[in-house]
């Protein structure tokens, strides 16, 4: 979830009255904001991923104004711009562009840093880290329209934050943004946004030019998005434009896109907002309670919806263009539920006539645990993620590997519980100087061949005089209590066992596990000084024969 | 303690009392020998008799003498003066050179000559030593006295400090050391009841012989001292965390839920796409999801049903507004939540009225520390039905928290890509304050419709099992839950609520 910082004075300026922290915390719950830190005038919070509009002070202030009932929701002054953007030469791999102009804004340091924060957070979330969408903001008064979006073989301009002009190649190689996002453009087919005088606006999605940057003196702002996903572009650009508009904007103008008229149309329609019908039966059905017709219009307005029509069965609302998170009426139902206060919604949970049940695997697991404890085994718990070097040292060659592990010691999935159990014996014997020890674990392992999970129980008997017989006796006793008569067949496939001292556990022709006596090589590796018998039973397989 | 005419004592105490009534006073060492027991074993009985006022235990310092090594040898081969006289009796006289030829050590020889002279048995002149045979008897008496007393000291005993004892000490025939002497003596009380002492049977352990008696009146069962800490036993036990998970399972079943299971290695399709998490969503990045190396083994996990894949594509493109990529959905990962199991179940069972849950492990890239693990547990569940509502979800959370003794639940609005409305439930942790443990919501239509559910509501949640277990066990470090330390397993107390003590509520 994006972490956003705002300044209280800026927020108060935008809201138009003072706000104390207590009040802000209360309002934050309505907006799903999680306060992370309040330091002096600076407030840091986590915004919900879907509320793009709350990634900066402008949108947060707008939401607060509405929640407090200081203003009623209104439509925005959206029109067509006389400026157009020509996308005829757009690169095929990043073919779309949208441009909007917001006129009459008043900016200062804080406003600019808020808008950049919004741009940055949008890039990280809904823009797919600039791969799907990238945003640029420019001072319109430094640009000579129309604007061209096209692929160029090369380009030369002063990148944002640099004093000298550079070639596109140099920008990619030497600037920080170039190195981060260079992989998103193709050499010799650079996407470029340039004006009719040849002034470069930006090399999207990498960097803007210094010549068109916005400053405290900028009054009219041109914003573009380029990318591969028009609907995401429209949502992101609408969010950005409406935030800029909150800084004293007078009018929002959509640029027509030459050769791709539909892109301009899509943005225009997004900025107009939508109408949605919320059925009252749906409110009751989904929430399980209803605040009633008299409350719903007020609740909706405080969430920024304009109530267009109220009937006995539905409410028709206008969804503001910055609420790109609203997909269907259920999103609006949630806002109603929040207004009702979740803590006030309650009642009786009906227990159904159908009985609940424990999964058969877990039922057998319970018996297995009880029986083994009865035989003097102590239960332990280990991770499924384990260390490949340890498995290899025991002789395991096949196990499932993680492509992006954080630590090598937890980078593969155990193919069996036995390695975990053996490590447990070693650790405890060393730690407590034990002469003998009986432990077991019930848990899951992942088959490296078919990647399925299997439920297993594995145990070991350690101590002077222990032989394979101790393992066989344990398994036989365990299985017979479960009503199963095991047959032990010679088994040579266990690298851990002494040759001739291992057995397959066969039940009705199905191999359900194995028993063995650890080879001295393994005991030495585990720094153990007495013999050890072990077993592993696949409970998943047992279920098939029970 | 029996009637006044009969003083009944437990057998061991009786034996001691009888001995002391006869001898009045004895060193503890001798008493032990007489009883055929070890001294340290007798001490406890003496303490008991002293407490009853029958005896006094006296501690004093004494000198104990014992034959020295040379003393032992002389008892064997004869004292030096004895041997010298023997030679003189044959020869009458010996020159100094003869004396040296006898093979006796210088100091031995000097001592022997000195004693012979003292007893007047020999005359020492210039040419040597001459026996005065009429005086030999005096010497023999001396020798007998010395050897007689020396034999008394063959086993260590108190140094008598008479002239002869001092002589032995001077001559180095005995060694004397200071020791602490422990002796006991009978008190007037014991002497006055001595005639009425009776030996009682005291039973510590009930044996077959005891059981076979027909009358147990004369037996004294040794009363046990309850202030003595009983020994602790080693025990084999089930693991505390597995037990808590099993308890949660029990709670779910009691609320009418059926348990289901699903794979740990999962397709992104079930973990994310079916849940309407856009493919560009940050939670799908490699920093947040473990990917399986290799991959390409989709079929083994039940594959990706074509109809479902098509529907998922349609819904993502229509409602999330981007081009959906099947390749990404077919990547293999370790499931990041058990909600994958819930949606698999919905696909399998479709429409209807049912409740299922799963409680199992999930994985997220992390480095272990007190509050993070790369592998932990979730309890995911769904309630499916035409009229299942958000209210039912909130009520379920309240019931679940009550059953686990977690007390009051507070709800706050939350965001999850796959639910609307969404909620986070908080319970109070004694140290950490309100902690979030109950996240859930109503599955979106964009989740349900591709799975084949139309006109049905599904309440869903994914409860953090580990955090609740930590609250119940009073653990601050999540790593302690996955303990393979047998002592930890042995001593960990089950939470009150699992014991049935009602927990905190």
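The values are calculated or read from the model by the stated rules, or taken from the named source; none is laboratory data. Every value quoted in this text rests on a predicted model; they were computed, and no experiment measured them. For neighbour counting, all protein chains shown are included, and Cβ atoms are generated from backbone atoms with ideal geometry for every residue, glycine included.
On the given criteria, is residue A:344 farther than 17 Å from residue A:48 by Cα and within 7 Å of chain B (Cβ to nearest Cβ)? So residue A:344 fails the test.
Would you confirm, using the coordinates I've provided, whether residue A:427 is over 30 Å from residue B:303 (Cα atoms), at pLDDT 95 or above, within 13 Å of chain B (Cβ to nearest Cβ) and surrounded by fewer than 22 Cβ atoms within 10 Å (Cβ to Cβ)? Judged against the criteria, residue A:427 is a match.
Out of B:317, B:353, report the one residue that is facing chain A (nearest Cβ under 10 Å), closer than 20 Å to residue B:283 by Cα and either in contact (Cβ under 8 Å) with a residue 40 or more places away in the chain or over 40 Å from the mean Cα position of the chain (by Cα) (or both).
None of the other options fit; the residue is B:317.
Just so you know, in region B:392-409 the residues that are touching a residue at least 40 places away in the same chain (Cβ under 8 Å) and at the interface with chain A (Cβ under 8 Å from one of its Cβ atoms) include one that is surrounded by the most Cβ atoms within 10 Å (Cβ to Cβ), and it is B:396. Any residue at all in region B:132-145 that is in contact with a strand residue (DSSP E or B) (Cβ under 6 Å, 6 or more places away or on another chain) and either touching a residue at least 12 places away in the same chain (Cβ under 8 Å) or assigned to a helix (DSSP H, G or I) (or both)? No, there is no match, as no residue in region B:132-145 is in contact with a strand residue (DSSP E or B) (Cβ under 6 Å, 6 or more places away or on another chain) and either touching a residue at least 12 places away in the same chain (Cβ under 8 Å) or assigned to a helix (DSSP H, G or I) (or both). Within the group B:458, B:489, B:498, which residue is in contact with a helix residue (DSSP H, G or I) (Cβ under 7 Å, 6 or more places away or on another chain) and under 26 Å from residue A:342 (Cα atoms)? The match here is B:458. Do the conditions hold for residue A:267, that is, is it at pLDDT 95 or above, outside any loop (DSSP other than H, G, I, E, B) and either in contact with a helix residue (DSSP H, G or I) (Cβ under 7 Å, 6 or more places away or on another chain) or closer than 25 Å to residue B:460 by Cα (or both)? Yes. For region A:281-297, the set of residues classified as out of contact with any helix residue (DSSP H, G or I) (no Cβ under 8 Å at 6 or more places or on another chain) and part of a helix (DSSP H, G or I) consists of A:281, A:284, A:285, A:297, listed by residue number. The set of residues from region A:160-202 being touching a helix residue (DSSP H, G or I) at 6+ places or on another chain (Cβ under 6 Å) and within 19 Å of residue A:123 (Cα to Cα) comprises A:160, A:172, A:178, A:182, A:201.
Scanning region A:352-365 for residues that are more than 7 Å from chain B (Cβ to nearest Cβ) and either within 34 Å of the chain's Cα centre (by Cα) or assigned to a helix (DSSP H, G or I) (or both) yields A:360, A:363, A:364, A:365.
Only one of the numbered conditions (1) crowded, with 20+ Cβ neighbours inside 10 Å; (2) in a loop (DSSP other than H, G, I, E, B); (3) within 9 Å of chain B (Cβ to nearest Cβ) is violated by residue A:349, and that is (1).
Number of residues in region B:431-464 that are free of Cβ contacts under 8 Å to residues at least 40 places away in the same chain and either more than 9 Å from chain A (Cβ to nearest Cβ) or part of a strand (DSSP E or B) (or both): the value is 7. Evaluation of residue B:156 against the conditions (1) in contact with a helix residue (DSSP H, G or I) (Cβ under 9 Å, 6 or more places away or on another chain); (2) within 24 Å of residue B:34 (Cα to Cα); (3) surrounded by 14 or more Cβ atoms within 10 Å (Cβ to Cβ); (4) outside the structural domain of residue B:30 (by TED's automatic domain parsing) shows that the sole unmet condition is (1). Of all positions in region B:202-211, at least one carries a residue that is at pLDDT below 90 and surrounded by 14 or more Cβ atoms within 10 Å (Cβ to Cβ).
For residue B:255, the criteria (1) modelled with pLDDT under 95; (2) farther than 21 Å from residue B:338 by Cβ; (3) in contact with a helix residue (DSSP H, G or I) (Cβ under 7 Å, 6 or more places away or on another chain) hold in every case but one, which is (2). Could you pull out the residue among A:433, A:471, A:459 that is touching a helix residue (DSSP H, G or I) at 6+ places or on another chain (Cβ under 9 Å) and assigned by TED's automatic domain parsing to the domain that holds residue A:388? The conditions single out A:459. Evaluate the following for residue B:289: is it under 24 Å from residue B:454 (Cα atoms) and not assigned by TED's automatic domain parsing to the domain that holds residue B:381? Judged against the criteria, residue B:289 is not a match.
Rundown of residues vs (1) buried (at least 18 other Cβ atoms within 10 Å of the Cβ); (2) in a helix (DSSP H, G or I), yes/no style:
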{"position": "A:18", "(1), (2)": "no, no"}
{"position": "A:25", "(1), (2)": "no, yes"}
{"position": "A:32", "(1), (2)": "yes, no"}
{"position": "A:35", "(1), (2)": "no, no"}
{"position": "A:69", "(1), (2)": "no, no"}
{"position": "A:80", "(1), (2)": "no, no"}
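Might you let me know whether region B:369-391 holds any residue that is surrounded by 24 or more Cβ atoms within 10 Å (Cβ to Cβ), facing chain A (nearest Cβ under 9 Å) and under 18 Å from residue B:437 (Cα atoms)? Among the residues of region B:369-391, at least one is surrounded by 24 or more Cβ atoms within 10 Å (Cβ to Cβ), facing chain A (nearest Cβ under 9 Å) and under 18 Å from residue B:437 (Cα atoms), which makes the answer yes. In region A:279-318, the qualifying residues are those that are within 14 Å of chain B (Cβ to nearest Cβ) and surrounded by 22 or more Cβ atoms within 10 Å (Cβ to Cβ), and the one that is nearest to residue A:59 (Cα to Cα) is A:303. As for region B:266-273, it holds no residue that is surrounded by 23 or more Cβ atoms within 10 Å (Cβ to Cβ), within 41 Å of the chain's Cα centre (by Cα) and more than 7 Å from every other protein chain (Cβ to nearest Cβ). Inspect all residues belonging to region A:397-413 and state whether any of them is within 8 Å of another protein chain (Cβ to nearest Cβ), touching a strand residue (DSSP E or B) at 6+ places or on another chain (Cβ under 6 Å) and assigned to a loop (DSSP other than H, G, I, E, B). Checked against the condition, which is being within 8 Å of another protein chain (Cβ to nearest Cβ), touching a strand residue (DSSP E or B) at 6+ places or on another chain (Cβ under 6 Å) and assigned to a loop (DSSP other than H, G, I, E, B), region A:397-413 yields at least one hit.
I'd like to check something: does region A:122-131 contain any residue that is within 14 Å of another protein chain (Cβ to nearest Cβ), assigned to a helix (DSSP H, G or I) and surrounded by 17 or more Cβ atoms within 10 Å (Cβ to Cβ)? Looking through region A:122-131, at least one residue is within 14 Å of another protein chain (Cβ to nearest Cβ), assigned to a helix (DSSP H, G or I) and surrounded by 17 or more Cβ atoms within 10 Å (Cβ to Cβ). Under the condition of being over 17 Å from residue A:430 (Cβ atoms) and surrounded by 17 or more Cβ atoms within 10 Å (Cβ to Cβ), the residues counted in region B:474-488 number 5.
Between B:78, B:103, the distinction of being free of Cβ contacts under 8 Å to residues at least 24 places away in the same chain and within 24 Å of residue B:141 (Cβ to Cβ) belongs to B:78 only.
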